[in-house]
Structures are given as structure tokens and as C-alpha cells.
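Everything on this sheet refers to the single structure shown next.
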Amino acid sequence: MANFRRFRPDDLNKLSKCNLDPLTETYELGFYLQYHAKWPALFQVAEDQHGNIIGYIMGKLESSPDVYQFSEHYLPWHAHITAVTVAPEARRLGIGKLLSEQLETAADANNAWFIDLFVRSTNHKAIAFYKSMGYSVYRVVKDYYGDHSSDPTQSSEDAYDMRKPLKRDVKKEHVRDDGEKHEVDPSDVW
Amino acid sequence: MSSYARYARPALKSSVDVQLQTAFSDGNWNLVIRLADKRFKVLKDPYYEAIKICAESQLDGTADKCAVLVAIDELVRQKAAPDLDTLELYEWASADFLHGIDYSDALGPLRTRWVKANPKSPLAVQCLQSCLEYWDLVSAQQIAAALDKTYVNSGDRRYMFWSITLTFLLSISPQCSEQSRNVYCMLVLKQLERAADITENSAKLELTDRGLITEEEICLYYRVLLTHGTKEEFLTRIQSSRLGPLHQLKQGRKLLFWETLTALENWGEWDRIFDLCHQALSLGLEDETPSFFTCDLRAWKAFALAASKAKNEEAALGEVQNTLKKFISIKSKANAMYKKNISIALLETTFRLPKPILTPSPDHKGLTPRVVQISLFLDHCFDKLSAFDDVKDYVAQLSFEEAKAFMEQVLPKMLVDKPDKLSQVILKSLNCKLQYLLTTCPQMLSHHPSMVEGNNYQCRFCANLSSLPCQHCLKKIILEASDTYMQIGADKELLKSIPRLDKDPRLDLALVMGTSILKLAGLRQRLSDVDPSPLRNVNPGLFLQAVLLLDTQLRETPSDTGLRLLLVQLYLLLGCATYAHQLWVPMDVKRSILDALGPLFFDRITSISPGLIQGGRSFLEPVRMSYSTSLADNCPLRIWDAFSTGSFSSILSLTEYDSRLRRSCTLVMTLIEERRAIRCYGGKIDSEIDDLPLAADIVDSTTLVNKTDYGSFPNLESLHGLPIQDFIRLGPELSNERAHLSFLTEQYFDILSYKPPKDYRPVKSNEVAIRERNYILECLDRLSNSLTSFIHLPETPSRLTSPEMTYYSVISLLSAALLTGISTTKADPAPKTLQLVTSSIKSALAGLRASLTVSTPSSLPMGDVFFSLSDMHTMSYARDTALAIKHSAAFVLAFHEKEVARDRSGKSSLHKDVVAEMKALEVVSTKALGEIKKHVQSLKEALGEGGWLDRMLEWTFGDEGEAEDEVTEAVSDVVDGRGGAEEWAGKVLESWREGVKGWGMARWD
């Protein structure tokens, strides 16, 4: 039912199964193309037998600017998952996991220390999913989101910055067990 | 200058004094001019003169603004290497002109000249970037080649691959002269062959070697080989142990494998495909820990298809089965997605097996291995959201005997085997979908000589005489689906379980019922190019029932986008544009998906309800803005990002995508719909269509591309017929032909509406008048030829609705009539062809007028009003045609009056026959417009009458109190009767009223 391959710009004409889902954000063209241009191996898609995109992951490789090198919040060379989405009809087939694994492979090939991502602290389903794949909470970014997904009375929501160490991090220096206890401000997040 | 910010004001050299620096950064241009002039006179440094010119370009006067172009031209002529800081200033100052002038004739060569003189300067890359931003491939290639030559021994491979990539891009670009093309083709191929040989022949490659090392470099090589090399070279290279796709796969890189597979499929190299897929799939079995990395469905399908085309088909398919067996034995270790791929691969392979192998024993007629495999697949996956989509293409291939066995033995057995209530309703829903699917398969009918005209076939399932689809079977499906739907609604336990399912089974049941009723109503694919509105020949009651039923379901499952898209189309068809818009908005179609999804709502919208766009461009503004943002630069978006990171395959795909986006049918549709809406309400169109930057690349020879995404439409149809979107759409989808005709029509209107600026007072008015006349004739001649050639393309009639065909034919005739009219003066002989042309125009208009008043079949309990409300498209084109005729005639008559006033001798005024014909056209069109206006008025009055809600319900369900037929009864059950339909009827009515109100405000003169 599915093929996994790199994203190509023409896929933007086949995104409806994913992007008409209210949980998936649609960005400007330049945003998608930037990922395809800079990190083509980290932008992977799953397509169905008719060429419709039923899932995709967008990732990038980066480190904090050198000027932050001595900051405690400095991020060394790592991969970041910007977006991952699976069409409703293709859920519960492990497509998200396969896409994440492919991004890990690409990140390892690029000698990254770890992969990180941000998730709403109340999105328990997603947090459990990432934990099942070896991610752990590295820190809590207070009031990172300007709205709350489940409580309309609140004006903000915390984010979990979750990480998974890669092959380069043999000593697991870039993850911690008690990440939930480390709180930072959004301004500390690069 | 930084990338993507070329409009940012450049910094002046640090040696420039603070006073001038400050004036420049403050934009105090008069002061800058004065100071720069002073400095130039004192220091004799031409840089200050450049600053002065640059500042002058910011003033309002045309001469001041253009001074920079003169300065650039002078630099180009000097043949000397220019100063880079001066170039930066000039590039910034001329930014507004650079869309109009050719960068490759001006700044590109200057930058190239500078780089050749300073090849080791770090600023050389900036020059390359600048040339790329203006997509001047000629200069960019020369700069990259110069950089490669300079750094050939430096170990920096970046310049080598930039040079190769740019040589390749140039070789396939229209910017390349035909004389140079062969040289570039050969050059790029040789460069890459050399690099490939280095890779093949080196024991160990260093990162500084000039071989192919990264996946991107290797893929670039194969792309070039595919374009400029021979098939044999490609086939030889893919066998390479270092550069072949298998080696890449072993390293976890799949891109080359897919590209190779595509190339081999295009060439029909089935034996090689078989070997490649076999080896690729077997890679996963080599290690102790199996890998499913290559177990993509495409690989399996290609493997099975290639096997079925092998000389020894049986042995090859046996090999496929062996490989599959190995994977099946380790399937438990696979991810759910790969398990499913393997299961479908098994189905695929079974369907590729030769017929004799598939013959069942006489005791089990129809229960062939194909049927057994489908049943095994469904046994595991029947409750999954995609189960139907996964098997539908296979079920549609079954013979009647197989289908019968499947429907009458396999599915009932599954119902027995899965007795829990939830499984039962899911299976029943699946059963209904499969039954519907089979009604779309021609093998389910047999030829039957019949006395009844048109019924020469017999349905093999129900034995009734029928055409496709079998009406009896459709009715049966509707009743079964309705029963199951009601069963679910009445069972609290089931209702409680639904949220745990992939999908609410009622949604599928409603879709089956809805599409079956649409078919019963007579909504089918267009049978001929001159078909009237799609709803003219349908049973309105049944059509309304289908819409009502689907609308009711949407209230239950509002997040289902497939159903929502279907309803948007149906409401547009019904003429309820405002209600369709209400359904469209929550899908939040925006930004990068507008190109593919925008047409699903916006195409032809002004012919249904221009009032939606009236008073501004709010609806289409986001669509146009998305193009303006994405196509603002001449170069493909993010191209420098791809160059700077060495993503060579991305460079090629970004270039292809950009070229396609600039030729998008949706882009043309956006520009046209906006202008039609503005014109409809007498608004002012800002600029001629040719002057719009977004239309800059569109000429007659441009192939405009439609990329509408129908992927989310629910589609229960088999491959034997058209998908659902093709018969619920108002007319044929976007096309090159329609886009060009609409674009040319706008150009025609631009000629008619052109007015010289008020302050334009030519001194030699007679000379100017002659030139104007010649210019108009030239434009009309070109337009007439273009319109005629597009109208007469063999595909054109099938790309347009009937009113569109008439409209564009009339525009084509009008352009010819105007050409003849304006070129025939009083002194010329009477124009013989003019009367023929005008009489064709009059007949075409009469035809459109007549189609507005087509009488309703007397058997239907509704007046013309339903058909008129659901066919505003025809009314719209009748109006547009009449207006086009009126404006054209007025244009000629005004031209004549102007000539009479200008030239007292009367020699240049138009021939009396021309004037007479135009006056006649004016009369005919005015009369038609009056009638059409009256038609709208009468619709408005009709909708203003009382009792509409009851009338709508009567149209939908028939007279109250009368016995309902079984289909109506089934629908009534699902929608909770007439009471449940009242709110819906109110919305439909309101939308019609709003639409007609919008038409009421349109301009009619």
C-alpha cells in the first residue's frame, strides 16, 4: 500500500490526504522547498498506490550559532524533526515510526549527536509514541505555545523538548533521565 | 547582497565619508546626488558617479530612473572588468527594470567579466548567486566554469559540481543557443563520465577527489546520462558495483533505485526490472536481522509485473512467490505497513499468474486462487479504513463467475465467521461498496438482443435487462445500505463502539447510497461535447435526495474531507455557491496546496456566482498572493539553498517544479476569475493581462499544466469507468486549451477597453491615428489567428462546456469581424466575409439564448426554475457573449466616429456595410441582454414567492401523502423524513437566493 521515498516538489500536488486533516498545518511553498533544497535526505514521504502522499516527515540538521557556544543552552550538531504527519486513512500502520527511523538513518549518516523535536506537554499520545521510539524529555519549555490545545481558559502551553541520542553519542551525553525537571524559557530555546 | 534580499539597499564602500553614507542610508536622494557629484568632481573616482546615478534612479522622473540603464549599457560596451561595488549599486538601482530587460545581456556579462578578472576573490561566489537569482544560466555557467578552473587542484569539489550542474541546466534550457547546445551536452556528459571513471577505478576515494562520492553527485550523473547519454551507457553503468543502484541501496540510499526503476519501466526493460527488483528485495534477506527497507509496494508490483512479462513466465512468477514466501516467513518481525505491503504483493502476484494455474476445480466454480487471496486479505484487514481501496482494483478484475463466488460465498462466510455486531456492520458496509464497485464493471453484463431500445445488455447478477450500471442492482444496494445504516443508528451498543473504529461505517454506507442515487438520477459522464448542463437530463428529485443524504451524513461526520469535497462539487453543480463555500472554508485550503486544490472550488466560480467575489478580491486574493510570493523571483524558489548545500537532485527538481508552476492552469484560472468578477460588477481592472508579472511567461506555445489533486475524493468506481469527480463536475477540468482561450479572451477585452492616458496629447495626431489603427489591426490579427487555432484543436470541444465553446467561438469570430471591419474603409470594396461572420455570431448568441429557456420535461413536478437555478453557468455565458458582442460593436462604431471626426475627407472612416453590421450586432446583443436580465429578474421574483420550503421538499420526496417509492423511503429513513430535511432545504434555498441576488447586481451594459 505504501512506498517510502524522498520528497519531490511535485508531491505538493498530492498532499490533500495529509494536509486537509485539521491536525496538519500547511506552510508556504518556500518552507517545504527549503527543506527539500537543504536537507533532501531528511524530507521523506510515504505514498499510496495512486501517488497520493499519505505521510511525510520534515527534518533538518543544524547547531546553535557559534555565538552561543558557551551558553548552557547551546545545541551541538543535531537533527531536528520539524513536522511529521500521517493521513487519517494510513494511521495505525506504523508509518510515522518508519518515517522517523528513516530520518534517524539520515541523521546518523550526517554524524549528528541526537534528534530532537518539540511536542505539546498535553499531547500524551504523541509523547508515548516518541518514548516508544527511544525519545526522552530533555527539558520543558515553559509557555512555548501561545495557546492551549485542550483548555481554552489557558493562554499558553508548555512544550517538551524530546531527544533521542544517535550513534555518535556513545556515552549518551546529550540526553538526561530527569528532563521533566529542567525548565527553560522560550527565549533560551534556539 | 545576501540571498533573497536583493532589494535591500546595498552598503556603500567604507571609504565613503559619513555625510554621504548617512544621506544614502536615510534615502535622502537629492542630498546624495549633490554630495556624490561634489566628491566625484574632487576625487575623480567613478564610484561616486555611480552613487549619483543610483540616487537618481530613486527619483520620480523617467529620465532619472533610466539613467542607470544607460550607465549599465556603457559598462557592457566598455569590455573592461567593471568595479564590483559599482555593479552592486547598479543592480540594486535597476531592480525594478530587471524583469523587463534581459539580465544575461546586461549585468550577467558584467559579473562574469569581473569574476574572470578576479577568480580567486571570495566575492566571485556572490556574483554566481546574483546570476542565479536572475536565472541567467549563461553567465552563471561561465562563472562556475571559471571558478572550477581556478580551484581545480584545491580539493574543493563544490565548484566542479556547480559547473557541471549549471552546464547541464543550460544545455536543457531555452537560454542555450542551438549552436552551443550540443557542445554543452557533450561537455557535461564527458565531465561526469570522467568523474564516474575515477570512482570506479580508485581503490579508495578521498573527499577531495574529483570522482562521484555523494548520493547527490551520483544521482546527478544518472540524470545527465538519462538526458544526454545513450540507453546502453545507462544500462551498463547501473551494473556498476560502486555506482549502481544496488550498491546505493546497500548504503541505505533509495533514490537511485527508484530513478533506475522508472527509467527501465519507460524503456520496457522487463528482464532488467525483474533482476533489479529481485536483487533489491533479496537484500533484506541477506543479513541475520532481516530488513524490510526495500519492501515497498512499488518494488513488489514491478517485480510481479516483470515476471509476468518474462519468457518463462511460470518460472519467473515462481521466483517472485519464493521471495514472497521468505518474507512471509519473517513477516512477524515486520512493521504493520510492510506486513500489509507483503500481503498486497501476494495479491498482486496471484493476479499476475497465468490463467491455467488459476482455474479452480469444477466443484468450486469461481473460487479461484484470486478470489481466495482477496478473501484471505480481507479476513485480516476488513475493518481497516483502506480495506476497500486496497482490494478494489483486484475485485474489478474478477470475471463474473469469480465475482459471483466472491459475493455469494466468500463474503457471506465472513459474516458467519465474524458474528460480533461491530464486525457484521463493517462487513455489510464493505459488501455494499463492493456490490457498487461491481455495477461499474462491464464484465458483469452480458449481451442480450432485446426488443427494448437501448437495453441490449443483461445484468448477470440480477438477470434484468440493463445498461451499465444496472439500475436494479443500484436500487438493491441502496436498500441494503439503508437497512444497515438504520440498524447502526438504532443500536446504542454499536453507536458507542464507533469512535473506536478507523471510520464510522455509516459514512461508507451514506457514500454508497449517495453515489448510487446520483447514478439512478442519471448523472453520468458526458456523452458528447454538446451536452447541455449536467443537471438538464437528470431526475431532479433523485439528485436532491442524494445531496440531502450526503449533507445529512456530513453533519454526523464533519471531519471527513472526502465527503466534504464531494458535497462542495455537488452544491456548485446545483448552483448553491455560497453554501458550497461554507463547506469549503473549514478545510482551510491555503498556501502551497492552493495550486492543486484551489480549482475544486474556484474553477468557473464566476460563471455560477460572481457575487461571491464581488466588492474586492478577498476570495481569490490568497490564491494570487501565493503565486506572487512563490514566483516573485526569476529563479526557482530556494535554488541557492540547494546550490550551497550541494543538493544537486534538488536543484533539478526545483527547476522542473518552478517551470511547471509558472505554467499552471490554476494560476491562469485565478487571474481570469478575478478579472471576470471585476468586469461583472463594472469594476476597474488595474492592468492589462499581459502586463501582469504572473502572466509574463505565457505565450501561445506555452503548454499550461493542470495538476488538480483529486486524491481525497471518495471513489467507489472501478478503473473501467471515470472517477466520481469527472461526472459531478460542472464541466471538463482545467486544461491547456481552456486556459489559453480564456487568456486570449482577456487580451481581446484589453484591446476593447484600452483608453490612452488623459494627459496624452500627441502633436502629430494623424500620424498617431494611423499607427494606432495599424497596432489594433496587428493585435486583432494575432488574436484572431491564436483564437482560431485553439478553437480548432481536435481536443478543444471535449475541454469545454457547451456554453464555453459557444462563447470562445464567438470571441474568435468577433476578433475576425473587428479585423475585417477596421481594415475596411469607405474607399475599399464591400467586405464580403463580414456578413457571414456576423451571422454566425448572431446564430451562436441565439443558440445560447434558446438554451436558457429549454422547457422542462412535462413529467416533472417543477417548473423551469430548478433547471435555471442549477444552470447559471449557461446564463452567465449567454450574458458574457452578448456583452462581448455589444462591446465589440461599440468599439468599431466608436472607432468609426473618431475617424469621421478626425479625417474630414471621410477616406479613413469605415465602410458603410461595416457600420451597418455593427449596428445590427449592437441591436441583437442589447436585446439579448435585456432578455437575460429579465430571466434573472424572474428567477429573483420566483424565489421571493412563498411556499418554497414545501416546494423543495416536494421536489425531493414527491407530493406529501403520496406513496413513496422504495428508494425515496430509504432516503427518508436515513435523513429522518421531511422534518429532518427542512433545515437543509432552507440552506439550499438561501444559497440560491444569494446567488441570484448577486446576479441581480451585475452590470448589464
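Each reported figure results from applying straightforward, stated rules to the coordinates on display, with no laboratory input. Predicted model, so just to flag it, every value in this text is computed and none were measured. Ideal geometry is used to build each Cβ from the backbone, glycine not excepted, and the neighbour counts take in all protein chains shown.
Ranking B:220, B:191, B:403 by how far each Cα lies toward the positive end of the dipole of the protein assembly as shown (charges on Cβ) leaves B:191 at the top. A Cβ-based charge dipole, computed about the Cα centre of the range B:200-323 with Lys and Arg at +1 and Asp and Glu at -1, lands at about 220 debye.
For the set B:204/B:311; A:17/B:326; B:250/B:331; A:14/A:97, the pairs lying more than 29 angstrom apart at their alpha carbons are B:204/B:311; A:17/B:326. Measuring r between the beta carbons of residue B:241 and residue A:124 and using R0 = 51 Å, the FRET efficiency lands at 0.55. For peptide B:707-714, the mean count of partner chain Cβ atoms within 10 Å of a residue's Cβ comes to 6.
Around residue A:149, under 12 Å between beta carbons, what's the net of Lys plus Arg minus Asp minus Glu among the other residues? Local charge sum for residue A:149: -2. In a DSSP loop and with at most 10 other Cβ atoms within 10 Å, the trypsin sites (Lys or Arg not before Pro) in the range B:644-687 are B:684.
By the gyration tensor of its Cα atoms, with a ≥ b ≥ c the square roots of the eigenvalues, what is the shape of the range B:236-296: rounded for a/c under 1.5, prolate for a/b over b/c, or oblate? Verdict is prolate for the range B:236-296. As a proxy for reagent exposure, B:158, B:555 were ordered by neighbouring Cβ count within 10 angstrom, fewest first; the result is B:555, B:158. With a/c under 1.5 counting as rounded, go ahead and sort chain B into rounded, prolate or oblate using the C-alpha gyration tensor (a ≥ b ≥ c being the square roots of the eigenvalues; past the cut-off, prolate if a/b is larger than b/c, else oblate). Judged from the Cα gyration tensor, chain B comes out oblate (a/c at least 1.5, b/c at or above a/b).
When a/c reaches 1.5 or more, the comparison of a/b and b/c decides; with that in mind, is the protein assembly as shown rounded, prolate or oblate per its Cα gyration tensor? Because a/c hits 1.5 or more and a/b fails to exceed b/c, the protein assembly as shown counts as oblate.
Sequence gap at least 6, Cα distance under 8 Å: using those rules, report the relative contact order of the range A:34-78 to the nearest whole percent.
Taking the mean separation of contacting Cα pairs over the length of the range A:34-78, I get 29 percent.
Modelled this way, with points 7 Å down the Cα-to-C-beta line, the labels at residue B:156 and residue B:835 are 7.9 nm from one another. Estimated from helical segments only, the mean residue ellipticity of chain B at 222 nm is -20500 deg cm²/dmol, where each DSSP H run of four or more residues counts as -39500 (n - 2.57). Could you let me know the centre-to-centre spacing of the range A:58-127 and the range B:408-433, using Cα atoms, in angstrom? Value for the Cα centre distance between the two parts: 42 Å. For residue B:705, the residues whose modelled amide H falls within less than 5 Å of its own, excluding neighbours fewer than 5 places apart on the same chain, are B:664, B:665.
Among the listed pairs B:826/B:919; B:755/B:919; B:886/B:912; A:171/B:333; B:333/B:384, a Cα-Cα separation exceeding 25 Å is found for A:171/B:333.
How high is the relative contact order of the range B:642-782, given as a whole-number percent (alpha carbon pairs under 8 Å, six or more residues apart)? That works out to 24 percent. Per-residue shielding of B:654-667, expressed as the average number of other chain Cβ atoms within 10 Å of the residue Cβ, stands at 2. Rounded to the nearest 0.05, the FRET efficiency derived from the C-beta distance between residue B:898 and residue B:181 at R0 = 60 Å is 0.75.
For residue A:54, the residues whose amide H sits under 5 Å from its own are A:46, A:47, A:48, ignoring neighbours fewer than 5 places away on the same chain, with H placed 1.01 Å from N. Between the C-alpha center of the range B:664-695 and that of the range B:157-222 there is a gap of 43 Å. Listed cross-link partners A:60/B:325; B:79/B:190; B:38/B:65; B:41/B:120; B:231/B:340 are compared with a 27 Å cut-off, the Cα-Cα value being larger for A:60/B:325; B:79/B:190; B:41/B:120; B:231/B:340.
The 3J(HN,Hα) values that the Karplus relation (6.51, -1.76, 1.60; θ = phi - 60°) gives for the range B:344-354 are, in residue order, 5, 4, 5, 4, 4, 5, 4, 6, 8, 5, x Hz. Gly and Pro appear as x.
Take every DSSP beta bridge whose two residues both sit in the protein assembly as shown, then give the antiparallel share in percent to the nearest 5.
Antiparallel bridges: around 90 percent, rounded to the nearest 5.
Candidates B:817, B:135, B:623 compared by Cα position along the dipole of chain B: farthest toward the positive end lies B:135, with charges placed on Cβ. Averaged over peptide B:637-649, the number of partner chain Cβ atoms lying within 10 Å of each residue's Cβ comes to 4.
With contacts taken as Cα pairs under 8 Å and at least 6 residues apart, chain B reaches a relative contact order of 8 percent.
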